[in-house]
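The values are calculated or read from the model by the stated rules, or taken from the named source; none is laboratory data. What you see is a predicted model; the values in this text were computed from it and never measured. Positions of Cβ are backbone-derived with ideal geometry, glycine not excepted, and every protein chain shown enters the neighbour counts.
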Amino acid sequence: MKSTNPIIVVGSGPSGLVAALLAAHRFGGENVLLLEEAPRLGGLWRSFDYGANGRFDHGMHNYFECGVPEIDDFFFGFFKQGECRILEGADRDFAGVFYQNRLQANSPSIDLRNLEPSLRARCLAEVLNAAAQGHSHEATRAIDFAQQQWGPTIAEKFIAPILERQFAAPADELGKGAVDLTALRRVILLDEPEMRQHMESPEVRARLAYPEQRNLPKAYSSSRRGLYPAVPGLEELVSRTVNALKALGVQIACGKKVAGLEIANGRVSTLRLGSADETEVLPCAGVIWSAGLRSLSGLLGYRWSQTTPGRSLTLVHVLSPEPLNDRGLHYFYCYEPGLATFRVTCYRNYCLQPITQSGMIPYGMELLDVPNELAFARAIDELERFGLVSASQKASLVCAGSEAMGRAFPMPTLANEANFHCARKAISDQKFANVSIVGSMATPGLFFQPDVLRHAFATLNEFEI
Ligand SMILES: Cc1cc2nc3c(=O)[nH]c(=O)nc-3n(C[C@H](O)[C@H](O)[C@H](O)COP(=O)(O)OP(=O)(O)OC[C@H]3O[C@@H](n4cnc5c(N)ncnc54)[C@H](O)[C@@H]3O)c2cc1C
């Protein structure tokens, strides 16, 4: 590296931490500076810490392998046996869904096997026809994608109402990203023996889910592992990563918001840090931006228009003196109209014992559009509706804490996707020679942690300064 100025990584969420690590390996740790606006590092890997009542996660509930050995080995290498729970094989994390007033523990895909026989037969014929026509990558609207994926009946009768419930927006205004954000890639239509006959076809498997996740033939199950630290909370990954980065010589600073850029000869030459009481100017050799497209494009003068606001999310952390009737699920989604739950997390199935110092058993709930002060009461009513607690058990539940997260999820409307597209273009039009973009939404639909980390790896491999 010729310049004496550092490569600056902006943002310290999962993508920023991994980018700083990869940049340190390529360019030398002493040449890397990691900046974070918040007072604490980690982005969405930060934990909520309630002391004896435990630590809870923001959103992700395990480190799930991204398939890049340089990254996966780094995180798994932090933990000796007994210091984390490895989720794999028969002990992998199992997801479910509350759909049509029933908690499905067999799969997170909606189970349509109980449809009236002629309707079920029509749905199946349409799915097999769609599978015979092949992949459906071109659709930009969620509803078109769903039609190409399963045919018109499933798309309109089942998928559209779920999307409308999840995003409180008409299905025909939603982009394809809505299907991914809702984990709605497949549905269940066939019992195990019939489904096994179709397993050889990747096109059918891409559309139909195996009906009993615990019996999924090994050849078709992902060999990727997850891990959850024995000291609960993904923040454990942050503290260990930060120590490793410091040992490589990386400089790290919190409370530093990047508020401006200076550009010279097609390169970002300087970052301006802004806080209420100081302005600092940092010359740089290159920039790895992991702090969101909206903020970077904003610094370049792009203004978002017609933005559809996201739904507000409140996290409620519930403690129970005894295990709830969670049926061994690690988490489940809720698609039921009228209920506020987006997802329930059953931490006891992630954690090694003891779970909390207080001895209570933790559950996490993500609620949509419920004010913080009403969230706990709403959460325990919905736990009863899911069959996790009886009416008499509800009084024994305690609130460890609840957190208003604001508009946490990107809202996948066509209007917002168009904004993201224009923001990416506003950045790429600059043709910066020394800037890379990583992290959530850096490319269309990029959201989930393993995809974000894989993308960071590919981007850093090509990064030049
Ligand atoms: C509620 C919720 C639940 C989720 N659940 C899952 C899940 O179950 N599974 C899964 O795989 N993924 C999940 N995700 C997605 C996952 O959180 C993201 O893939 C991941 O956080 C992306 O990491 P990131 O580094 O891009 O962004 P972030 O984690 O958001 O980090 C960005 C960082 O940049 C900082 N920053 C912003 N602006 C500036 C600035 N101007 N200067 C300096 N710093 C700045 C921020 O403070 C933040 O620390 C969930 C996301 C949410 C919101």
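Answer with yes or no whether Ala52 is assigned to a helix (DSSP H, G or I), touching a residue at least 12 places away in the same chain (Cβ under 8 Å) and either of a type outside the set (Asp, Glu) or in contact with a Leu (Cβ under 9 Å, 6 or more places away or on another chain) (or both).
yes
Would you confirm, using the coordinates I've provided, whether Phe56 is over 22 Å from Arg454 (Cβ atoms), touching a His at 6+ places or on another chain (Cβ under 9 Å), surrounded by fewer than 22 Cβ atoms within 10 Å (Cβ to Cβ) and aromatic (Phe, Trp, Tyr)?
The answer is no for Phe56.
Do we find a residue being under 20 Å from Gly96 (Cβ atoms) and in a helix (DSSP H, G or I) anywhere in the range 187-204?
Checked against the condition, which is being under 20 Å from Gly96 (Cβ atoms) and in a helix (DSSP H, G or I), the range 187-204 yields at least one hit.
Of all residues in the range 59-79, count the ones that are crowded, with 19+ Cβ neighbours inside 10 Å and near the ligand (Cβ under 8 Å from one of its atoms).
Residues that pass the stated criteria total 2.
Filter the range 418-458 down to residues that are within 9 Å of the ligand (Cβ to nearest atom) and aromatic (Phe, Trp, Tyr) and give me whichever is nearest to Ala264 (Cα to Cα).
Phe447
Considering the range 170-196 alone, what residues qualify as being within 18 Å of Arg120 (Cβ to Cβ) and surrounded by 19 or more Cβ atoms within 10 Å (Cβ to Cβ)?
Arg186, Val187, Ile188, Leu189, Leu190, Met195 - these are the residues of the range 170-196 that are within 18 Å of Arg120 (Cβ to Cβ) and surrounded by 19 or more Cβ atoms within 10 Å (Cβ to Cβ).
Does the range 190-197 contain at least one residue that is outside the structural domain of Arg26 (by TED's automatic domain parsing) and touching a strand residue (DSSP E or B) at 6+ places or on another chain (Cβ under 8 Å)?
yes
Check Leu383, Leu374 and return the single one that is among the hydrophobic types (A, V, I, L, M, F, W, C), away from the ligand (no atom under 12 Å from the Cβ) and crowded, with 20+ Cβ neighbours inside 10 Å.
Answer to the selection: Leu383.
Being crowded, with 21+ Cβ neighbours inside 10 Å and touching a residue at least 12 places away in the same chain (Cβ under 8 Å) narrows it down to one residue among Phe420, Phe409; which is it?
Phe420
Quick check: is even one residue across the range 438-447 free of Cβ contacts under 8 Å to residues at least 24 places away in the same chain and assigned to a helix (DSSP H, G or I)?
No, every residue in the range 438-447 fails to be free of Cβ contacts under 8 Å to residues at least 24 places away in the same chain and assigned to a helix (DSSP H, G or I).
If I ask for residues that are in a loop (DSSP other than H, G, I, E, B) and farther than 19 Å from Arg113 by Cα, which ones from the range 124-167 would you list?
Gly134, His135, Ser136, His137, Glu138, Ala139, Thr140
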